[in-house]
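Remarks on the structure that follows.
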């Protein structure tokens with residue numbers, strides 16, 4: 001039997017910071033994906049990728065930028081800066097036509113009020129009592145893996 005040659009090259013991922021934002025009822029904020037998205041018909045979590053210019057910036061500043069971009073400047077959240085879950089997400093970029101690999105790092109945040117003003121990346125938002133029985137109907141790929149990791153860890 002021949003030995004299979006395994007590449008020793010490291011995988012290359014972009015990094016995205018995502019958030020489980022909870023309201024006072026312990027519901028989690030989900031963002032509905034638009035029809036032109038590779039995840040149309042499903043939901044995502046607030047957050048996004050670390051930019052090239054942010055490689056040396058404190059995570060707290062990147063986190064704050066992402067929340068303001070996705071949810072508007074009038075949202076009030078208390079962010080817990082310790083990661084609570086991870087996942088991977090892949091899709092074909094509409095711009096480059098190449099497969100994109102993204103490592104998602106999830107954080108928790110408490111919603112303390114204010115007004116949510118969505119960016120044009122999402123079409124709507126909902127607050128959901130996310131649990132092990134219902135999470136699979138909301139997500140695919142990266143969000144699905146992240147929700148599963150978070151819920152399994154949370155219920156342990």
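Assessment of segment 65-72 against the conditions (outside any loop (DSSP other than H, G, I, E, B) and farther than 12 Å from residue 17 by Cβ) yields at least one matching residue. Inspection of segment 141-153 identifies at least one residue that is assigned to a helix (DSSP H, G or I), surrounded by fewer than 16 Cβ atoms within 10 Å (Cβ to Cβ) and either in contact with a strand residue (DSSP E or B) (Cβ under 8 Å, 6 or more places away or on another chain) or in contact (Cβ under 8 Å) with a residue 60 or more places away in the chain (or both).
Taken over segment 86-132, residues that are farther than 24 Å from residue 26 by Cα and in a strand (DSSP E or B) amount to 10.
Could you list, in sequence order, all residues of segment 15-46 that are loosely packed, with under 15 Cβ neighbours inside 10 Å and not in a loop (DSSP other than H, G, I, E, B)?
Hit for segment 15-46 is 15, nothing else.
The selection criterion, being on the phi > 0 side of the Ramachandran plot and within 13 Å of the chain's Cα centre (by Cα), does not hold for residue 72. Here segment 121-137 is the region considered, the condition is being exposed (fewer than 13 other Cβ atoms within 10 Å of the Cβ) and within 16 Å of the chain's Cα centre (by Cα), and the residue that is farthest from residue 71 (Cα to Cα) is 136. Checked against the criterion of being modelled with pLDDT under 90 and within 22 Å of residue 146 (Cα to Cα), segment 49-60 has at least one qualifying residue. Just to check your reading of the model, which residue among 64, 49 is in contact (Cβ under 8 Å) with a residue 12 or more places away in the chain and loosely packed, with under 14 Cβ neighbours inside 10 Å? Sole residue among the options that is in contact (Cβ under 8 Å) with a residue 12 or more places away in the chain and loosely packed, with under 14 Cβ neighbours inside 10 Å: 64.
Quick check: is even one residue across segment 15-26 in contact with a strand residue (DSSP E or B) (Cβ under 8 Å, 6 or more places away or on another chain) and more than 25 Å from residue 115 (Cα to Cα)? Yes, segment 15-26 contains a residue that is in contact with a strand residue (DSSP E or B) (Cβ under 8 Å, 6 or more places away or on another chain) and more than 25 Å from residue 115 (Cα to Cα).
Each row is one residue, and each column tells you yes or no for (1) touching a helix residue (DSSP H, G or I) at 6+ places or on another chain (Cβ under 9 Å); (2) closer than 21 Å to residue 153 by Cα; (3) surrounded by 14 or more Cβ atoms within 10 Å (Cβ to Cβ); (4) in contact (Cβ under 8 Å) with a residue 12 or more places away in the chain.
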position: 69; (1), (2), (3), (4): no, no, yes, yes
position: 76; (1), (2), (3), (4): no, no, no, yes
position: 81; (1), (2), (3), (4): yes, yes, no, yes
position: 84; (1), (2), (3), (4): yes, yes, yes, yes
position: 87; (1), (2), (3), (4): yes, yes, yes, yes
position: 93; (1), (2), (3), (4): no, no, no, no
position: 96; (1), (2), (3), (4): no, no, no, no
position: 111; (1), (2), (3), (4): no, no, yes, yes
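The values are calculated or read from the model by the stated rules, or taken from the named source; none is laboratory data. Small disclaimer: the values here were computed from a predicted structure and weren't measured. Note that each Cβ is placed from the backbone with ideal geometry, even for glycine, and that neighbours are counted across all protein chains shown.
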